[in-house]
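Heads up, the thing below is written out as structure tokens.
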Amino acid sequence: MTKINNLVEDAYRRVEQEQQKVASDMYRLQFHLMPLVGLLNDPNGFIQIDEVYHVFYQWNPFETAHGAKFWGHFTSTDLVNWTTEPIALAPDQWYDKNGCYSGSAIEHDGKMYLFYTGNVKEDNGERSTYQCMAVSEDGISFEKKGPVIHLPKGYTAHFRDPKVWKSGNEWLMVLGAQNLKHEGEAVLYRSDNLFEWEFLGPAAGSQMNELEEFGYMWECPDLFQLDGHDVLIVSPQGLEPEGDHFHNLYQSGYFIGKLDPQTKRLQHGTFTELDRGFDFYAPQTTLDSEGRRLLIAWMGITDEMEKYQPTIEHNWIHALTIPRELKIVNNKIYQKPATELKALRKNEVRYKAVCLEAGIVKNFSDIQGDSLEMQLDFNDSIAGIFEMEIRDNIKISYHSTEQLFTLERKNFKDGKKEFRRCALEKLHKLHIFLDTSSIEIFLNDGEEVCTARFFAKENDKCITFYSDQIETFDLSKWELK
Ligand code: FRU
């Protein structure tokens with residue numbers, strides 16, 4: 001038992017031992033949340049209480065690989081300046097000894113409650129799962145209350161990631177699940193007191209609402225109202241690529257529909273991916289005091305390429321995305337960067353009506369760098385082919401005749417080019433957040449978003465623009481620090 005009790009101390013010791021090595025990595029990001037050491041994955045417990053935003057995250061401080069996760073903790077009053085708080089949860093109990101897996105936070109009667117999945121690997125190799133609760137008076141230190149939900153009949157132990165919210169007088173919880181037929185589902189529970197939970201069955205699933213074979217497991221569900229609709233965000237595993245869709249190993253996307261208040265079934269339309277780049281998974285949202293639905297996601301994904309990320313040499317891996325605000329426009333979720341990020345802007349450069357000559361690559365001595373925001377407003381939407389190359393690693397292009405946007409990068413393993421494509425009728429605006437080793441591209445005010453990590457040579461800060469015909473746009477750029 002001593003080993004388990006010392007887990008938190010061991011984690012802090014490792015942070016201290018490794019901090020120089022981690023900080024000396026040229027790929028450390030400037031304005032994204034990252035682990036102090038080790039591996040970060042999903043954001044958890046995203047919430048604003050008393051004007052303070054809390055973002056917890058899945059954290060393995062001991063390795064740059066997945067393992068028995070802790071909950072790390074950051075807070076902020078402005079979504080820009082973040083404070084590292086003490087470790088919120090460590091995998092130190094029989095019911096969470098192999099990981100305090102993902103979950104959510106709510107506020108009730110002046111206290112903060114965390115709901116998370118206790119992951120247990122039994123001696124015979126089998127997995128057990130417990131939905132657990134922890135409570136805090138001060139929002140910093142948490143007292144574990146143990147399991148509040150055990151695995152119901154009809155499901156495998158892939159049953160996790162509770163997201164809790166208040167609906168009228170009751171509490172609802174949505175969980176990611178796999179039924180005994182190995183189909184993914186998002187199941188619901190209800191409670192009057194947060195301690196006793198009644199199982200309500202699936203709100204949506206792989207075989208419901210005319211979906212067929214829609215994944216063997218649904219991770220990290222989130223169910224909320226947005227602009228008069230009910231939205232279920234979920235990260236399904238096991239979708240096959242379809243045209244330009246589903247090319248990452250796992251997907252994150254949403255269904256828009258209506259949750260029947262009686263049956264608690266979600267009638268919904270088709271699944272739409274939230275991000276069309278390479279590195280985006282397990283998003284979580286919260287409603288803040290201004291009524292904004294904010295989303296933050298893991299800017300990474302579990303796949304076979306993870307282990308080739310060069311930051312591993314500096315004993316850390318992965319980061320979270322910037323926070324984004326969600327809106328529904330024409331039955332589609334639009335994402336825009338949280339307006340607070342404007343506070344990071346320094347040294348504005350503005351060009352009115354930049355004119356690209358046909359077939360000539362152009363660059364600007366003051367439009368380059370590795371940590372910046374850039375906005376391109378095209379006077380008309382792009383006609384022909386438009387391309388930008390960033391730091392000799394990323395290339396983005398739009399072909400108006402094919403109505404296709406492409407994001408290309410060098411892969412982590414051997415630098416070979418890989419790409420993701422996304423159909424887009426018109427492109428009239430590009431809004432780019434570039435950090436030392438990441439890019440987030442918002443197309444047409446967030447109609448589509450493409451997110452990727454990339455690892456360019458340190459001294460290559462070059463950004464070039466090209467069009468095969470005359471193209472005019474307004475260009476703004478800010479350094480972000
Ligand atoms: C998603 C996920 C969750 C799980 C957590 C473990 O990335 O697999 O389903 O709770 O990560 O870290």
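A residue that is within 25 Å of Ser235 (Cβ to Cβ) and within 16 Å of the ligand (Cβ to nearest atom) occurs somewhere in segment 73-83.
All conditions in (1) in contact with a Gly (Cβ under 8 Å, 6 or more places away or on another chain); (2) within 16 Å of the ligand (Cβ to nearest atom); (3) touching a residue at least 40 places away in the same chain (Cβ under 8 Å) hold for Met112, with the sole exception of (2). Of all residues in segment 338-356, those that are farther than 14 Å from Gln30 by Cα have Cβ atoms under 6 Å from Cβ atoms of residues that are surrounded by 12 or more Cβ atoms within 10 Å (Cβ to Cβ) and of a type in the set (Lys, Arg), 6 or more apart or on another chain, in Val349/Lys477; Leu356/Lys362.
Can you confirm whether segment 434-447 contains a residue that is of a type in the set (S, T, N, Q) and surrounded by fewer than 16 Cβ atoms within 10 Å (Cβ to Cβ)? Taking every residue of segment 434-447 in turn, none turns out to be of a type in the set (S, T, N, Q) and surrounded by fewer than 16 Cβ atoms within 10 Å (Cβ to Cβ).
Can you tell me which residue among Asn60, Asn6 is under 20 Å from the mean Cα position of the chain (by Cα) and either under 30 Å from Ala456 (Cα atoms) or not aromatic (Phe, Trp, Tyr) (or both)?
Being under 20 Å from the mean Cα position of the chain (by Cα) and either under 30 Å from Ala456 (Cα atoms) or not aromatic (Phe, Trp, Tyr) (or both) holds for just one of Asn60, Asn6, which is Asn60.
If you take the residues of segment 218-253 that are surrounded by fewer than 22 Cβ atoms within 10 Å (Cβ to Cβ) and of a type in the set (D, E, K, R), which of them is nearest to the ligand (Cβ to nearest atom)? Across segment 218-253, the extreme among qualifying residues is Glu240.
Here is a yes/no grid of residues against (1) more than 16 Å from the ligand (Cβ to nearest atom); (2) modelled with pLDDT under 95; (3) small (Gly, Ala, Ser); (4) farther than 25 Å from Asn81 by Cβ:
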{"position": "Thr272", "(1), (2), (3), (4)": "yes, no, no, yes"}
{"position": "Arg276", "(1), (2), (3), (4)": "yes, no, no, yes"}
{"position": "Asp279", "(1), (2), (3), (4)": "no, no, no, no"}
{"position": "Leu287", "(1), (2), (3), (4)": "yes, no, no, no"}
{"position": "Pro310", "(1), (2), (3), (4)": "yes, no, no, yes"}
{"position": "Ile317", "(1), (2), (3), (4)": "no, no, no, no"}
{"position": "Pro323", "(1), (2), (3), (4)": "yes, no, no, no"}
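Using the structure shown, decide if Gln30 is away from the ligand (no atom under 16 Å from the Cβ) and not in a loop (DSSP other than H, G, I, E, B).
Details: away from the ligand (no atom under 16 Å from the Cβ): yes; not in a loop (DSSP other than H, G, I, E, B): no.
Considered against the rule, which asks whether it is away from the ligand (no atom under 16 Å from the Cβ) and not in a loop (DSSP other than H, G, I, E, B), Gln30 comes out as no.
Restricting attention to segment 258-301 and to residues that are on the phi > 0 side of the Ramachandran plot and more than 15 Å from the chain's Cα centre (by Cα), the residue that is surrounded by the fewest Cβ atoms within 10 Å (Cβ to Cβ) turns out to be Gly291.
The values are calculated or read from the model by the stated rules, or taken from the named source; none is laboratory data. Computed from a prediction, not measured in an experiment: that's the story for all the values here. Every residue, glycine among them, receives a Cβ derived from its backbone with ideal geometry; neighbour counts consider all protein chains shown.
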